[in-house]
1. Straight-line reach from LYS43: which lysines fall under 23 Å, measuring Cα to Cα and dropping same-chain residues less than 8 apart?
2. Express the carbon and sulfur contribution to the solvent-accessible surface of the chain as a percent, rounded to the nearest whole number, probe 1.4 angstrom.
3. Taking the Cα centre as origin and putting +1 on Lys and Arg beta-carbons and -1 on Asp and Glu beta-carbons, what dipole magnitude results for the chain, to the nearest 20 debye?
4. Report the Cα centroid-to-centroid distance between the range 79-99 and the range 1-55 in angstrom, as an integer.
5. Just going by the charge dipole of the chain, with Lys and Arg at +1 and Asp and Glu at -1 on Cβ, which of GLY9, SER27, GLY116 is farthest out on the positive end?
6. Whole-Hz ³J(HN,Hα) for each residue in the range 69-79, computed from phi via Karplus 6.51 cos²θ - 1.76 cosθ + 1.60 with θ = phi - 60°, x for glycine and proline: what do you get?
7. Averaged per residue, what accessible surface does the chain expose to a 1.4 Å probe, in Å²?
8. Just to make sure I understand: if all protein chains stay in place, what is the order of ILE51, ILE101 by accessible area at 1.4 Å, largest first?
Amino acid sequence: QVQLAESGGGLVQPGGSLSLSCTASGSMFEINVMGWHRQAPGKQRELVATINSAGSTIYSDAVKGRFTISRDSAKNTVVLQMNSLKAEDTAVYYCLFRELIPRPTDYDVTDHWGQGTQVTVSS
């Protein structure tokens with residue numbers, strides 16, 4: 001079982017910066033994706049950014065150019081650097097650890113989620 005420990009988040013003014021960190025521990029498969037999703041009040045959870053074990057990244061259009069995701073695979077840690085924050089970035093941010101276990105023609109996918117950390121952008 002994978003455990004996720006999130007840190008960071010808080011209150012920041014528009015235009016400011018915050019950093020979120022998530023460390024995975026426990027028994028995990030080496031082929032994986034780490035990243036962040038977010039959920040604002042009254043909205044569905046949405047992708048923010050992910051990075052796989054090969055270092056390839058995906059960003060949502062809403063954060064592209066403002067957020068940067070990175071990972072330290074030796075420490076099983078992913079960091080989301082958020083710059084130029086806007087009020088619409090306000091949400092609970094959830095860390096995701098996705099295991100991809102190869103099968104003959106596809107993958108078994110298992111998602112593990114953190115408890116979430118609040119990010120509030122307000123003046």
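The values are calculated or read from the model by the stated rules, or taken from the named source; none is laboratory data. Remember, it's a predicted structure, so these values are computed and weren't measured experimentally. Counting neighbours? That spans all protein chains shown, and the Cβs are built from the backbone with ideal geometry, glycine included. With ligands, DNA and RNA removed, areas are computed over all heavy atoms of the protein, side chains included. Shrake-Rupley method; radii C 1.70, N 1.55, O 1.52, S 1.80 Å.
1. Excluding near neighbours in sequence, the set is LYS64, LYS86.
2. Here carbon and sulfur together make up 47 percent of the probe-accessible area.
3. Taking the Cα centre of the chain as origin, the dipole is about 260 debye.
4. Rounded to whole Å, the Cα centres lie 6 Å apart.
5. Ranked along the dipole, the leading option is GLY9.
6. 10, 9, 9, 10, 5, 5, 9, 6, 10, 10, 10
7. For the chain, the solvent-accessible area averages 54 Å² per residue.
8. ILE101, ILE51
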